[in-house]
Amino acid sequence: MADQKYDFVVVANRLPVDRHRDADGNVTWRTSPGGLVTAMEPVMASHDGAWIGWTGAPDEELEPFDEAHMHLVPVPLSQQEINEYYEGFSNSTLWPLYHDAVEAPEFHREWWDAYVQVNQRFADRAAAVADKHATVWVQDYQLQLVPAMLREQRPDLRIGFFLHIPFPPVELFQQLPWRRQICEGLLGADLVGFQLNGGARNFVRTCRVRLGLKTHRDQINVEDRIVEARAYPISIDAQGFADLAGTEEVAARAIEIREDLGSPETLFVGIDRLDYTKGLRQRFQAFGELFSSGQLDPDSTHFLQVATPSRERVEQYMRLRDDIELLVGRTNGHIGRIGMPPISYLHASYPRTEMAALYRAADIMVVTPLRDGMNLVAKEFIACRDGNNGALVLSEFAGAAAELKQAYMVNPHDINGLKNVILRTMDDDAANRARRMKAMRKQVFEHDINHWADRFLSDLAPEED
Ligand code: F6P
């Protein structure tokens, strides 16, 4: 059967939905984890295009299908490709390298070969479903070779690329044995987008220093073309989150959550993928010390952490889970009383309504990654608040810190500093907190996901004659 053609095509490692089979064998589709899907879903709602991606399971050969009002085009991955391309090169080489090497990146030649092979498959699929002169928007670090592979087959297309995670300084990036190929892959795009100016500058500098290309500000000369590299800080569907959080169901659930936790005077909440970039060890260390020293009173204060399971077969993630469970157990065992542990730790993923209720239930949201491209949880919390109450403790090393300047900023490596900011935020007066929240809400509502997509896509669109 001939492929259906589309004018607008998103290419991402994952489809926005994962397939789940219940005990009776019934198949349902659920939203995939992570910020990329949260961000791109509303973009698809306003563009009638196709989304090419993997279903999250091994060896699934599926025909294109429609789900959640989207046209989905599955790309199969074998178990070995999942091991080598996804868990290996994407998540044990690129992920740590691009996040300041907070865990040591591993370099394996067979992982690289799998990365090339899978990128070629995504590019072939995109070439097959993109209509003449279509716009193809490639997403994230798993698919950095796709732009050049696609241009090779389909020079008629407008090709954009957006990197959702940080692009590291050349001093780090140059460790990668395949640094030239990755840059050349990205340079197949007409426009390469980054979360922050720093990432865009790092990429331009790498192209100049390592590839010897001529650059001028945000432009890179590639043979007869000019590739632009710019910052487009990603966001969320702020109004969508606000509407959801404003429903009676969510409001009632938020009250119930606080009651179930013993109605604390102050509820701290963290919600993260269970990832070593998120600064969870440091966060638990800080809360553990504050409860142990009595600076936080477990009778009136509670810390609730949701850690969404992620990349569970990758060794560093298994180690992290063990470490976190040890830290939580130690504090609760030491400080907790019957029915009153000071920390609640949930290793689970929740639907968006429950997340909205958690954002509403929280007094203080704690977002303290060691490194993060953006961090949409911080923005979701702000969008879900009922007015200007509540406070955000935010790492300086989250991309969101560039926009949410009124957050209570921390360096998460500095445990004493982190403890001080937690206490200062709790003790700050209501007027101060409200002033900060008001400014952050203005920022998030005025720079929502449509603003982000419109800016990127209008910069990508061909110039009118
Ligand atoms: O933005 C970072 C990112 O890796 C996305 O590409 C991805 O959708 C999300 O985090 C979740 O990660 P994974 O697909 O590996 O579960």
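The set of residues in the stretch 231-276 being over 23 Å from Pro33 (Cα atoms), of a type in the set (A, V, I, L, M, F, W, C) and out of contact with any strand residue (DSSP E or B) (no Cβ under 6 Å at 6 or more places or on another chain) consists of Ala251, Ala252, Ile255. With respect to (1) of a type outside the set (Phe, Trp, Tyr); (2) part of a helix (DSSP H, G or I); (3) under 23 Å from Arg436 (Cβ atoms), the lone exception for His334 is condition (3). Ser263 meets the stated requirement of being at positive phi and either without any contact (Cβ under 8 Å) to a residue 60 or more places away in the chain or aromatic (Phe, Trp, Tyr) (or both). Residues of the stretch 85-101 that are under 17 Å from the mean Cα position of the chain (by Cα) and either on the phi < 0 side of the Ramachandran plot or part of a helix (DSSP H, G or I) (or both): Tyr86, Glu87, Ser90, Asn91, Ser92, Leu94, Trp95, Pro96, Leu97, Tyr98, His99. Only a single item in (1) in contact with a Cys (Cβ under 8 Å, 6 or more places away or on another chain); (2) within 21 Å of Ile159 (Cβ to Cβ) is not met by Ile234, and it is number (1). All conditions but one from (1) closer than 13 Å to Gln282 by Cα; (2) under 25 Å from the mean Cα position of the chain (by Cα); (3) surrounded by fewer than 17 Cβ atoms within 10 Å (Cβ to Cβ) apply to Val410; the one that does not is (3). When the stretch 86-128 is examined, which residues are found to be closer than 30 Å to Asp48 by Cβ and surrounded by 21 or more Cβ atoms within 10 Å (Cβ to Cβ)? Hits for the stretch 86-128 are Tyr86, Ser90, Val118, Asn119, Phe122, Ala123, Arg125, Ala126. Taking Asp243, is it farther than 15 Å from Ala378 by Cα, not hydroxyl-bearing (Ser, Thr, Tyr) and not assigned by the TED database to the domain that holds Trp95? Yes; evaluated as a whole, the condition is true for this residue. Do we find a residue being in contact (Cβ under 8 Å) with a residue 60 or more places away in the chain, at positive phi and loosely packed, with under 14 Cβ neighbours inside 10 Å anywhere in the stretch 337-353? Checked against the condition, which is being in contact (Cβ under 8 Å) with a residue 60 or more places away in the chain, at positive phi and loosely packed, with under 14 Cβ neighbours inside 10 Å, the stretch 337-353 yields at least one hit. In this structure, Gln142 does satisfy being touching a residue at least 60 places away in the same chain (Cβ under 8 Å), of a type outside the set (Asp, Glu) and within 16 Å of the ligand (Cβ to nearest atom). Per the conditions (1) over 20 Å from the mean Cα position of the chain (by Cα); (2) surrounded by fewer than 22 Cβ atoms within 10 Å (Cβ to Cβ), the sole criterion not satisfied by Ala362 is (2). From the list Leu392, Leu370, the lone residue that is at pLDDT 95 or above, closer than 30 Å to Ile255 by Cβ, outside the structural domain of Val136 (by the TED database) and among the aliphatic types (A, V, I, L, M) is Leu392. Residue under question is Trp29, and the condition is that it be crowded, with 16+ Cβ neighbours inside 10 Å and away from the ligand (no atom under 15 Å from the Cβ); does it hold? Against the criterion (crowded, with 16+ Cβ neighbours inside 10 Å and away from the ligand (no atom under 15 Å from the Cβ)), Trp29 qualifies. Of the strands (runs of 3 or more DSSP E) lying entirely inside the stretch 35-84, those containing at least 3 residues that are within 15 Å of the ligand (Cβ to nearest atom), modelled with pLDDT of 95 or more and within 27 Å of Asp237 (Cβ to Cβ) span 50-54. For the stretch 1-26, the set of residues classified as acidic (Asp, Glu), away from the ligand (no atom under 15 Å from the Cβ) and touching a residue at least 12 places away in the same chain (Cβ under 8 Å) consists of Asp3, Asp7, listed by residue number.
All conditions in (1) in contact with a helix residue (DSSP H, G or I) (Cβ under 9 Å, 6 or more places away or on another chain); (2) not β-branched (Val, Ile, Thr); (3) not in a helix (DSSP H, G or I) hold for Leu358, with the sole exception of (3). What is the residue count in the stretch 434-465 for residues that are touching a Phe, Trp or Tyr at 6+ places or on another chain (Cβ under 9 Å) and among the charged types (D, E, K, R)? Counting residues in the stretch 434-465 that are touching a Phe, Trp or Tyr at 6+ places or on another chain (Cβ under 9 Å) and among the charged types (D, E, K, R) gives 3.
The values are calculated or read from the model by the stated rules, or taken from the named source; none is laboratory data. Everything numeric in this text was worked out from a predicted model, so none of it was measured. A quick note on method: Cβ atoms are made from the backbone with ideal geometry, for glycine too, and the neighbour counts reach across all protein chains shown.
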